[in-house]
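The values are calculated or read from the model by the stated rules, or taken from the named source; none is laboratory data. What you see is a predicted model, and the numbers here were worked out from it, not measured in a lab. Here Cβ is always computed from backbone atoms with ideal geometry, including for glycine, and neighbour counts include all displayed protein chains.
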Amino acid sequence: MLLELFLLQCRQRPDSLALWEQDRHLTYGKLIRQAHTVAASLQARNIQPGQPVAIHLDRGIDAAIAIFGALLAGACYVPLDLKNPPARLAFIVADAQVGVVLGTAKAPAWLDTDLWLDIDSCPEAIPQPIETSSESLAAILYTSGSTGQPRGVALSHGAIAAFANWASGLVDLSPDDRIASSTPFFFDLSTFDLYGVLGAGASLHFIPSTLTTAPARLSAWLQEQAITGWYTVPLLLAFLAYKGNLAQTPLNNLRFLLFAGEVFPTPALMDLAASLPRTALYNLFGPTETNVCCYWQVQRERLVADQAIPIGLPAAGCELHIEPETSELWVRGPTLANGYWSEGGLRPFQNDQGWYATGDRVSLENGEYRFHGRLGRMLKCSGYRVEPAEIEAAVNALPGVMDCAVVGMDDPTAGQRPALALVFEPEMTIAEIRKVLSKQLPPYMQPSRYLVLDELPRLANGKLDYQRLRTILEG
Amino acid sequence: MKEKLKTFIFSELIYHEDPSSFGDDDDLLEAGLDSMGIMRLIMFAEKEFGVTLPDTEIEPDNVQSLNALERWIKQAA
């Protein structure tokens, strides 16, 4: 179902460019042929419709082949963030109960080799066609969980298609488009690249990873590739505006930029808007559970340096509601995920009327929604969602740790950073804790500040006093 | 200059490494310095040392290690 438009493009334009990466290009015809071999091998391994299959590959052509192969076999894909320490990857593979892990070459040391399938070893074959409905699961995206462990958000074919088709229409994608891609496939942003762009018959150009740390070469690359559009995070665009040599590299072909994942600081957005006067800019908004539920097309004349931009209007057929007492945003509609993936089954997060309570505080002013931060403890660190409870669970499990708490410290460019306050016995050291955490948590979850206390500050009712803790940490 | 850079990097950008055992030629990119970190490092260096670091010189080679950074910034001054 999700692949319908893509499969149509494969039949209509088999010789058109679908995927570009440095030193390797794939047409629609070759892409589908390779995805077929993976799908047939998965079926030969007895993968059942709806069964999770992990993708152990960095973003790029191989990962796209593996994902399309999994979907053609009727499976649902679980993209892994290979920057995670092995212990966390092993947890995700076990928690999702994946039947196969797709990769290239040899299996990583932490994995049971029976689960491994090298996509380059799949013989040419045509898979059995599988019927999928809009309710069938297509992907499980793991994010940080409030229960102390990573948590999978399970997206249906219909939910991803609702977003991808809406976004494709918003920017009017056509086969003439050449779209840049920089988002890892474990972020929901990537669904635009895979299903919106390839569903429209356009070509997807993977940005070489070395360019994201060399902004002037990145803009030169965008120019050379005649890129017409890009959906990415504000940070990369801010870097491009700040040091991308845009005065000498006008990016004439660039029709649109979409961004999401964190708040775009308005002064940086103003620089970008001034450097690219003819490019349409869109702010997309929504937690992974809703993919995108709000959007705002940037109106340049309304940008004011010390005012945050709005998140705008309901997107993709979503209905929005603001809880009067808490100002919490509730969402229901076609882009909503099916639920959390837990112990091999779905745990819905919607109430009886289908509403999902996002935990985001918003307001509605002059017909536009505005974002005012989070209600709960969740942090947003460099675009990643981080639940303090997950860091605390890892720290509490260490010998000699008696008590700990994580709070978010505001940061001008990273959004927030986790800071850790803890109480421990004399035999434990911060150096030791730092060492252990680096093996269990990904870099963006590492505490940026450590504070050792005799006891954590508490309120009269015994609950942690986060406000005082923050004051101590900032001091 | 190198000490100031090191203090900034290990208090603001990279948290999981022990700065006392991190050498001046050790690889910062491998230690986790990413595009966001580089952007903040450049903003810090331009303000702190009063230099303008040219767009086209923001390359992995120039930010790879503390020694490379110092060389690059001194050259731009």
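Assorted remarks:
- Some residue of segment A:455-469 being of a type in the set (F, W, Y), surrounded by 14 or more Cβ atoms within 10 Å (Cβ to Cβ) and not in a helix (DSSP H, G or I): no
- As a summary of the residue check, A:P426 satisfies the conditions (1) part of a loop (DSSP other than H, G, I, E, B); (2) touching a Pro at 6+ places or on another chain (Cβ under 9 Å) except for the one numbered (2).
- Considering segment B:1-10, and only residues there that are farther than 25 Å from A:L211 by Cβ and among the hydrophobic types (A, V, I, L, M, F, W, C), the residue that is nearest to the other protein chains (Cβ to nearest Cβ) turns out to be B:F10.
- Filtered residues of segment B:11-56 (kept if facing chain A (nearest Cβ under 10 Å) and among the aromatic types (F, W, Y)): B:Y15
- Where a residue in segment A:211-237 is farther than 18 Å from A:Q22 by Cβ and free of Cβ contacts under 8 Å to residues at least 12 places away in the same chain and its partner, wherever it lies, is surrounded by fewer than 23 Cβ atoms within 10 Å (Cβ to Cβ) and hydrophobic (A, V, I, L, M, F, W, C), with Cβ under 7 Å and at least six apart: none
- Test: A:T249 is away from chain B (no Cβ under 14 Å) and touching a residue at least 24 places away in the same chain (Cβ under 8 Å): no
- Among the residues of segment A:1-27, those identified as in a helix (DSSP H, G or I) and under 25 Å from the mean Cα position of the chain (by Cα) are A:E4, A:L5, A:F6, A:L7.
- Among (1) more than 14 Å from every other protein chain (Cβ to nearest Cβ); (2) part of a strand (DSSP E or B); (3) modelled with pLDDT under 90; (4) in contact with a helix residue (DSSP H, G or I) (Cβ under 8 Å, 6 or more places away or on another chain), the one test that A:R377 misses: (2)
- Residues within segment A:433-454 that are part of a helix (DSSP H, G or I), in contact (Cβ under 8 Å) with a residue 24 or more places away in the chain and not hydroxyl-bearing (S, T, Y), tallied: 7
- Scanning segment A:418-475 for residues that are of a type in the set (S, T, N, Q) and more than 11 Å from every other protein chain (Cβ to nearest Cβ), we see that the one that is farthest from B:E30 (Cα to Cα) is A:N461.
- Residue within segment A:7-27 that is under 22 Å from A:D120 (Cβ atoms), among the hydroxyl-bearing types (S, T, Y) and buried (at least 20 other Cβ atoms within 10 Å of the Cβ) present: no
- Strands (runs of 3 or more DSSP E) completely within segment A:63-130 that count 2 or more residues being buried (at least 17 other Cβ atoms within 10 Å of the Cβ) and among the aliphatic types (A, V, I, L, M): A:100-103
- Test: residue in segment A:374-382 that is buried (at least 20 other Cβ atoms within 10 Å of the Cβ), touching a residue at least 24 places away in the same chain (Cβ under 8 Å), on the phi > 0 side of the Ramachandran plot and not aromatic (F, W, Y): yes
- Scan of segment A:383-405 for residues that are buried (at least 23 other Cβ atoms within 10 Å of the Cβ) and part of a loop (DSSP other than H, G, I, E, B), ordered by number: A:E387
- Subset of segment A:325-362 (residues that are under 15 Å from A:S146 (Cβ atoms) and among the aliphatic types (A, V, I, L, M)): A:A357
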